[in-house]
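Input: a single structure, listed below in structure tokens.
We did not get these values from a lab; they are worked out from the coordinates using the rules stated. Predicted, not measured: the structure shown is a model, and the values here were computed from it. Note: ideal-geometry Cβ built from the backbone for every residue, glycine included; neighbour counts use all protein chains shown.
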Amino acid sequence: MDLMTSFDWSFVIEKLLLISAVLGLSLLIAMYSTWGERKVAAWIQDRRGPNRAGIFGLLQPLADGGKLFFKEEIIPSTANQFLFVLGPSMAMLTACLTSAVIPWGDVLYFGDRAVTLQIADVNIGVLWIMAVVGMGVYGIMIGGWASNNKFSLLAACRGASQVISYELPMGLALIALFMISGSLSLKDIVEQQRSGVWFVVLQPIGFLIFLICAFAECNRTPFDLPEAENELNGGYHLEYSSMKLGFYLFAEYINMFISSALMATLYFGGYSFPYMDSLGLSPNLVTILGICALFLKTFAFIFFFMWVRWTLPRFRYDQLMKLGWKVLIPLALLNMLITGAVILYRQNGFN
Amino acid sequence: MGIDLIIFTVLSAVAIASALGVILSKNPVNSVLCMITCFVAIAGHYIMLNAQFLFVVHLIVYTGAIMVLFLFVLMMMNLNADIEPQKRNWLKYAGAISGGALLLVLVAALRDASVPAIQSGNATDIGLIKNLGKTLFTSYVVPFELSSVLFLSAMVGAVVIGKK
């Protein structure tokens, strides 16, 4: 009985609805990213792309999903059964966890109830994302090792070292951003950009580093070495079939969506758009327009991810490591130094 | 029973069960995975104490970085239960005795320790990143700066070694 009264049930229901909405939306967007990927590829390569299922091939993701579901599920006899299933589950779980701290919009008013469109406004928001990204490597490593196949293992090791290496410059680029924002809460960061300029203007080098690292963390071309099929027969998910393979592929698209949303939030103003406070519209309308603005920015980044994939060739593995450790980390440190110096100068000049 | 107590009980049960799993499982990879579970459960305890920064740093450093390296080494060397060397008998006795001695020390220390009542939930905000940062940069600025220089030199050192 105590448990029933100690809860603010409307709060719980509100958050549950928000979580379901965000999860459903990420899954839907990830689903249609596969369609978008093929359409963009077709457009860049002067083809038509999927156009048989539904208008413009819009039912293609459903057909693909159905195909993956109904395929035979094979677990190799030499594989570690439990870990083999755990791998894709971990990949999916960590992909979905990051969406918790991203502010998807400002406040919506239902009568006198204000609903913040963010699942958790914690003051460690960005660090939470770094933590989840760091755990994302387990999905790849466990899956690759449990397959008991040397190509899978090689790919898993590549993936792990790539993610660890690129986490460092990513963190350093973020530190420079925090020095400007003075807060780690994503909501605060967006609110500051709403009243000031977008942080991409103040942190162009930081943004560039973050963008490159985001490509590497998502295992996207030109850094898709863990799934370099011409070297590794397919990558860490070589032994996977059916929906477990689907989970791995799907997790990649969710990661792409979330990191696009994150870049839009951190460097491009999130849900804020120019003149949003001087339009004289009702708060709810401004909030809805803000959500649209965030998704527009996110889709632009997703398109950029695809554009790069169908334009640039893959890096060689040593080039990848060289870029990460010898170019990006020193550059990020330099960026941090310059940012600190400028902040200090603006605070008290040359005294 | 409040919601705090339920969460605390579940987290503690998970932490203890997975800690036992670390030492009891034959397969080293399973041990590492149990250890990761244990770390996550302990991180949950930090968040129950509202120590948000400690929670997230614990996740980043231990589960995100150190355990990945553990797993990396185990997977590369492909250690399995089959090739685990049989330990000698005296090693087992030595382990049991030293473990028992450690337990004795811990119990003796706990007997005399006064355990203050832990404030639950949001009653304390000392673990928030703002307060922690202020403490680090005022009271403990010298050790903090020294260790940050140490970390930076370790990072630069890794790059230099990598260049050879």
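Quick notes on this one:
- Length gained on full extension, A:D277 to A:E231: 11.2 nm, using 0.36 nm per residue less the C-alpha separation.
- Note on the protein assembly as shown: helix-only mean residue ellipticity at 222 nm, from DSSP H runs of 4+ residues weighted -39500 (n - 2.57) and normalised by residue number, equals -23000 deg cm²/dmol.
- Cα-based shape type of the stretch A:58-179, given that a ≥ b ≥ c are square roots of the gyration tensor eigenvalues and the cut on a/c is 1.5: oblate
- Rounded, prolate or oblate (a/c below 1.5 giving rounded, otherwise prolate when a/b exceeds b/c) for chain B by Cα gyration tensor: oblate
- Evaluated with a Cβ-only charge set (Lys, Arg +1; Asp, Glu -1), the protein assembly as shown carries a dipole of roughly 1160 debye about its Cα centre, given to the nearest 20.
- Placing unit charges on the Cβ atoms of the charged side chains and taking the dipole of chain A about its Cα centre, the candidate lying farthest along the positive direction among A:L177, A:T339, A:G49 is A:G49.
- Cβ-based exposure ranking for A:D188, A:D121, in which fewest neighbours within 10 Å come first: A:D121, A:D188
- Shape of the protein assembly as shown, Cα gyration tensor, a/c cut at 1.5: rounded
- A dipole drawn for chain A from +1 and -1 charges on Cβ atoms has a positive end, and of A:F295, A:G234, A:A131 the residue lying farthest that way is A:G234.
- Ranking of B:S153, B:S25, B:S114, A:S278 by count of other Cβ atoms within 10 Å, fewest first: B:S114, A:S278, B:S153, B:S25
- This ranking places B:D125, A:D106 by how few other beta-carbon atoms lie within 10 Å of each, fewest first, which gives B:D125, A:D106.
- In range of the label at A:L108: residues from the stretch A:7-51 whose backbone nitrogen is under 17 Å from the point 7 Å along Cα→Cβ: A:10-29
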